[in-house]
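Just below is one structure, and these are the notes that go with it.
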Amino acid sequence: MTPGAGNDAPPAPPAPPSDAPETGGGRRFTFPSALTVLVLVTVAVWALAFVLPAGTYVRNAAGRPVQGSYHRTPSGRTFPERLGDLFLSPVNGLYGIKDAKTGLVGPDLTGALYGSAGVFLFVLAIGAFITVVFATGALDRGIGRLAHRLRDRGALLIAGVMAVFSLLGTVEGFAEETLGFYGLIVPLMLALGFDRLVATGTIILGAGIGVLCSTVNPFATGVASSAAEVSLGDGIALRVAMWLVLTAVTTAYVIRYARRVRADPDRSLCGFLAGDREHAQTAPDAAEPPPLTRLHTTVLATVALLFAFMIFSVIPWSSALTGRADATPYAWELDWSFPQLAAMFLLGAVLVGLLARMGEPRLSATFVQGAADFLSPALVIVLARGVTVIMNNARVTDTVLHSIEGVVSGTPSALFGVIVFLVNLPLAFLIPSTSGHATLAMPILAPLADFAGVTRPVVVTAWQAASGWMNLWVPTTAVIMGGVSLAKVGYDTYLRFVAPLLVLLFVLICAFVALGAVVT
């Protein structure tokens, strides 16, 4: 996952298609990046903290708020101290220390780490790993050969590509990387009698539904689970079930439209451009991509094993197999978290580079470039955590939590899960960065689950579903706008195509989070 739509900072936008109309000289409004949004949010929250009354909950032994124990308490922060909190918010967001006695967070205090240094390093580590993998060409070659092999079987091609993209999306946030596949997939779909919307839906919806149902996606589920103080593996059964069902529904939706267009081209929502018909005669006979080399096969197997081991290492197996949250961990359980995973992917990047015989100069350069490319999402996490530090030091976090406590108190578990999903929809629009959104929202949302008698992993699932659903269509993401531009499909046309599916997914998501809240 490179930083981008539905995740973090978007890559450079693709050039407009050659037949796109020229725009006037006037400047058009551009929605600010996630970093800019979070800077504005930081200043707004800092100012709002002067208005909101300070207060706190009594905490239990686990450090979680006790329902009904909220009481007002003065913050004790002078204006210069609050100004210092604003100035140091990014620093505190990275490595701020929470004092055990006062509860204040600062870079030079003594206590437990409150900042997101562990997550920050993990994002850079997996960025280096993924960049090294792509530098070998193994993943691109593998997907290219799959598409070519299925080129004369339309429905199977759509299902195969969407399944691969969805799998990559659910385990590692595969999204922006899809922009490189339009040049391959669009001609293949046109060759089979489909239109450009079929190609667009196959790519965007295939990866997007995987990210929506992130099972162990470190940029979504991982960051949210960390902020909610639960394991990455908690709630994985619900997320896997949702991923299987929603991927099948989305794939069937695209195939249904594709068959309708091939049977009657006049029913295409986007029509056909000049030259599209030529693909129907030439693309099926295009040269077969080079075969996978032994190196490519080895790299792909290594990547699969690393992600499989990541899943194994984070799942609380004793709780998952016995159904008891307090079950004694098995001797072979690893209970890994971000520090161990960061180290694993750092070593994985080096291992892949050695297998690919990159050589020290190229491997080092690729490694550093990968970490640099992921610096933006890492900074988003830090800025978002800095916002929570400002709220914590001003003692207004519990005040916000208390204002919502009355709403969820007595709420049926099923309804609570749906409410969490709905509340996060506008937040996902304003902050399309999944990691930034999670870091900002989870400190408030996770304790609400305790009040409603719902497990925190359900809140994580409801949150990521909201983020993923919005990022299937919002124009603030590079995956959507870059994708429709590369496919030469109008954004309004894409919205007409995807609207019925969005409604169906909305209903299914509500059903899943409601069911998860009831049975977990």
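The values are calculated or read from the model by the stated rules, or taken from the named source; none is laboratory data. What you are looking at is a predicted structure, and each value in this text was computed from that prediction instead of being measured. Every residue, glycine among them, receives a Cβ derived from its backbone with ideal geometry; neighbour counts consider all protein chains shown. Ligands, DNA and RNA are stripped out before the accessible areas are found, and what is left, the full protein with its side chains, is counted by its heavy atoms. Shrake-Rupley method; radii C 1.70, N 1.55, O 1.52, S 1.80 Å.
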Here the qualifying pairs (Cβ atoms under 6 Å; residues six or more apart or on different chains; first in region 78-101 and assigned to a loop (DSSP other than H, G, I, E, B); second of a type in the set (Phe, Trp, Tyr)) come out as Gly96/Tyr114
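In the list Pro432, Pro457, which residue meets the criterion of being at pLDDT 80 or above and open to solvent by 10 Å² or more (accessible area, probe 1.4 Å)? Spell out how you get there, then give the answer.
Values: Pro432 fails: at pLDDT 80 or above.
Among Pro432, Pro457, only Pro457 is at pLDDT 80 or above and open to solvent by 10 Å² or more (accessible area, probe 1.4 Å).
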Does Leu347 qualify as being touching a residue at least 12 places away in the same chain (Cβ under 8 Å) and not basic (Lys, Arg)?
no
Could you figure out which of (1) open to solvent by 10 Å² or more (accessible area, probe 1.4 Å); (2) over 17 Å from the mean Cα position of the chain (by Cα); (3) farther than 30 Å from Ala100 by Cα isn't true of Leu168?
(2)
Would you check if Leu109 is over 29 Å from Arg357 (Cα atoms), within 29 Å of the chain's Cα centre (by Cα), open to solvent by 30 Å² or more (accessible area, probe 1.4 Å) and of a type outside the set (Lys, Arg)?
no
Being buried (at least 19 other Cβ atoms within 10 Å of the Cβ), within 30 Å of Phe120 (Cβ to Cβ) and at pLDDT below 90 narrows it down to one residue among Ala308, Ala220, Ala304; which is it?
Ala220
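Rundown of residues vs (1) among the small types (Gly, Ala, Ser); (2) open to solvent by less than 60 Å² (accessible area, probe 1.4 Å); (3) more than 20 Å from the chain's Cα centre (by Cα), yes/no style:
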site	(1), (2), (3)
Thr477	no, yes, no
Ser485	yes, yes, yes
Tyr491	no, yes, yes
Leu502	no, yes, no
Leu505	no, yes, no
Ala514	yes, yes, yes
Somewhere in region 188-199, is a residue among the acidic types (Asp, Glu), surrounded by fewer than 24 Cβ atoms within 10 Å (Cβ to Cβ) and outside any helix (DSSP H, G or I)?
no
